[in-house]
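Since the structure comes first, as C-alpha cells, the remarks are kept for the end.
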C-alpha cells in the first residue's frame, strides 16, 4: 500500500541560498517576528515624536496609545477579520511573480500584529500610572490603571512559550478570564475618565474603540451552541467526528469544539466532502482531552463563532503544490485534496495507515491522490521529511510545499526548504 518514493530519503538537496538571502529565511526573522518589530517600531516612533514636542507625553496620549495597540491585538484575532485577510492575500492571480506570491502566502503570520499590539499596549499601560499620579488624577483612576497593568503583565507572561507549552490549559483559562477582566476594567477606567473630563461621551474615541473590542470578543460567543456529533473510531488512536447541523464549511477552514465551553476549546481542520452537507473532524490522541474524546465518544459538543481560514488556504496562490503531512496532519490536508482546486501531490508519513485511520479514509485519499507517496513508519522507520518533500516538489514541478505536522518537524521542513529557495509553509503555533 505504500507508494513508491523513488529513493527520496537519499535524494540530494539543492544548495543553500547565498548568505544574505538565506539569513532572511531564519525562523527568528520570519514574517511573524517582523510584524512584531513593525508594531514596536511604530510605537517607538510615536514615543519619539511625543518626546520631541518638548512637552512630554500626557496621560491622555499614553492611554490612547495603549488602547490603540490593544484594539489592534484583539481585532486582528477576530474570525471575520482573519477570513478577510486570507481572502485579500489569496486574491492575487498565479500570473504574478512568484516572489510576490511567496510573500503574500505568509498571511497566516498575522499573529505578529497580535503579539506586537499586546506587548506594546502593555508597555504603554505600565507607563500610565506614574503619569496619572503626577497629574493628580483621582485615586480610583490610578487604582484601575494599576490593576490593568498587572493583569496585562500576567497575560503576557503566561502567553510566553515556556509557560504556554507546559501549562496550556492554565494559559487558556488565564487568557480567557483575564482578558474578560481587562475588558471590564477598561470600561470602568473609561467611565471614570469621561466623567472627569465632561462633555459628550459619544465624542470620545476611546468609547468607540472599546465598543469595537467588546463586539470582537463577544461575537463568537453569541454563536455558541450545543450540536450533535457522530464519532467513528477506526482505531484506538484516532476518531472521525461527523457533524451535520446546518453548517457546511469551506475547505481549509477549522472549527473549535468544546465539552466545557468556559474552560477549554480545541480547534480541528474541517473536512467537508464535495456534494454532501456537513463535515468531519479528524481527532488523534495527543493529550488528556483528545484521549477522553476518543475513549468516551460524546454525542454532543459545543461550537462557537464561525469557521476560520487556515494556513493551507494559501494553496490558490500557486499553480501546483505539494502537501506534506505526518500522522493526523492528514486532516487539514484532506479537504484541499478532495476539493482539487489546485493540482497537488500528497506526501504522508504515518504508522500503519489502514490500521490506524481505517480502509475507508485511506481509500478516499487514494481515490483523489492515486500517486500519493505514503510512507508507513512502522514498516520503514522515520524518513527524512525534508528530502521526501523536496523529491515530491522536484518530481511534481510544484511551486510550493505546505507542511502539516508537529511543531519541530514543520519548522524543520519549512526552514530546510526555504533556505534553499523553495516556498514552504506551515503553522507557527502563535495562537
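Each value in this text was obtained by applying a stated rule to the coordinates, not by laboratory testing. All values derive from a computational prediction rather than experimental measurement. Glycine also receives a Cβ, built like all others from the backbone with ideal geometry; neighbour counts cover every protein chain displayed.
For the reader, a short list of remarks on this structure follows.
- Of the peptides 325-338, 103-116, the order by per-residue mean of other Cβ atoms within 10 Å, starting with the highest, comes out as 325-338, 103-116.
- Counting only DSSP beta bridges whose two residues both lie in the chain, roughly 60 percent are antiparallel.
- Extension gain, residue 288-residue 91: 0.36 nm per intervening residue step, less the Cα-Cα distance, totals 66.9 nm.
- Cα→Cβ-extended label distance, 7 Å offset, between residue 267 and residue 245, nm: 1.9
- Using the Cβ-Cβ distance between residue 224 and residue 185 with R0 = 25 Å, the FRET efficiency computed as 1/(1 + (r/R0)^6) comes to roughly 0.55.
- Note on residue 302 and residue 64: the extension gain reaches 82.0 nm, defined as 0.36 nm multiplied by sequence separation minus the Cα-Cα distance.
- Set of the range 51-93 residues, backbone N closer than 16 Å to the point 7 Å along the Cα-Cβ line of residue 341: 82-93
- Label point at residue 169 placed 7 Å out along Cα→Cβ; residues across the range 270-307 whose backbone nitrogen lies under 14 Å: 286-293
- The length gained on full extension between residue 100 and residue 53, counted as 0.36 nm times the residue separation minus their Cα-Cα distance, comes to 13.0 nm.
- When Rg and the Kirkwood Rh are both derived from Cα coordinates, the Rg/Rh ratio for the range 225-304 amounts to 0.93.
- Rounded if a/c under 1.5, otherwise prolate or oblate - the range 348-397, Cα gyration tensor axes: oblate
- R0 of 56 Å, Cβ-Cβ distance residue 212-residue 368: FRET efficiency to nearest 0.05: 0.85
- Nearest-0.05 FRET efficiency for residue 37 and residue 355, computed from C-beta distance (R0 41 Å): 0.30
- Sorted into 10 angstrom bins from 0, the C-alpha pair distances of the chain split as 4, 19, 28, 24, 15, 8, 3, 0 percent.
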